[in-house]
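Asker: First the structure, which I've put down as structure tokens, then a few questions once you've had a look.
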Amino acid sequence: MKPGELVLVRFPEADLAAGKLRPALVVAIAPGRYSDVSLALVTSRGHQEVPDFDEVILSTDADFAATRLKTTSVIRLARLVTVEANIIEGHLGTISSLRLSRIRQRLIEWLRG
């Protein structure tokens with residue numbers, strides 16, 4: 001597993017209630033001896049997009065087929081979680097390295113405040 005991969009995980013709801021199996025983007029692999037990964041939720045609900053922050057993957061984008069997503073989707077950058085890699089229940093596809101770089105830069109800017 002590596003950053004840029006789209007995986008399937010039971011992503012918790014904001015209130016920590018158990019979630020449904022959903023796609024998520026591997027943003028980073030945590031350093032150290034544990035196999036933790038940082039994930040960002042992916043949703044097909046376009047109305048949840050935060051303009052100029054979240055990353056939208058359009059079905060017409062050059063890397064859309066490689067994602068193996070079913071429809072236009074939003075990578076929700078403020079919906080992050082770090083989990084043990086063993087809870088990942090499946091693998092979809094990947095985003096382009098350019099898109100991953102853009103996402104990481106946005107996250108860096110956001111976290112720096």
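The values are calculated or read from the model by the stated rules, or taken from the named source; none is laboratory data. Note that this is a predicted model, so its numbers are computed, not measured. Here Cβ is always computed from backbone atoms with ideal geometry, including for glycine, and neighbour counts include all displayed protein chains.
Asker: Which residue, of 92, 25, 69, 77, is out of contact with any helix residue (DSSP H, G or I) (no Cβ under 9 Å at 6 or more places or on another chain), modelled with pLDDT of 95 or more and surrounded by 16 or more Cβ atoms within 10 Å (Cβ to Cβ)?
Answerer: Among 92, 25, 69, 77, only 69 is out of contact with any helix residue (DSSP H, G or I) (no Cβ under 9 Å at 6 or more places or on another chain), modelled with pLDDT of 95 or more and surrounded by 16 or more Cβ atoms within 10 Å (Cβ to Cβ).
Asker: Still on this structure, I have one more. If residue 55 passes every condition in (1) in contact with a strand residue (DSSP E or B) (Cβ under 7 Å, 6 or more places away or on another chain); (2) at positive phi; (3) among the acidic types (Asp, Glu) but one, which one does it miss?
Answerer: (2)
Asker: Given the conditions (1) of a type in the set (Lys, Arg); (2) surrounded by 11 or more Cβ atoms within 10 Å (Cβ to Cβ); (3) modelled with pLDDT under 95; (4) outside any strand (DSSP E or B), which single one is not true for residue 33?
Answerer: Only one criterion in (1) of a type in the set (Lys, Arg); (2) surrounded by 11 or more Cβ atoms within 10 Å (Cβ to Cβ); (3) modelled with pLDDT under 95; (4) outside any strand (DSSP E or B) is unmet by residue 33, namely (2).
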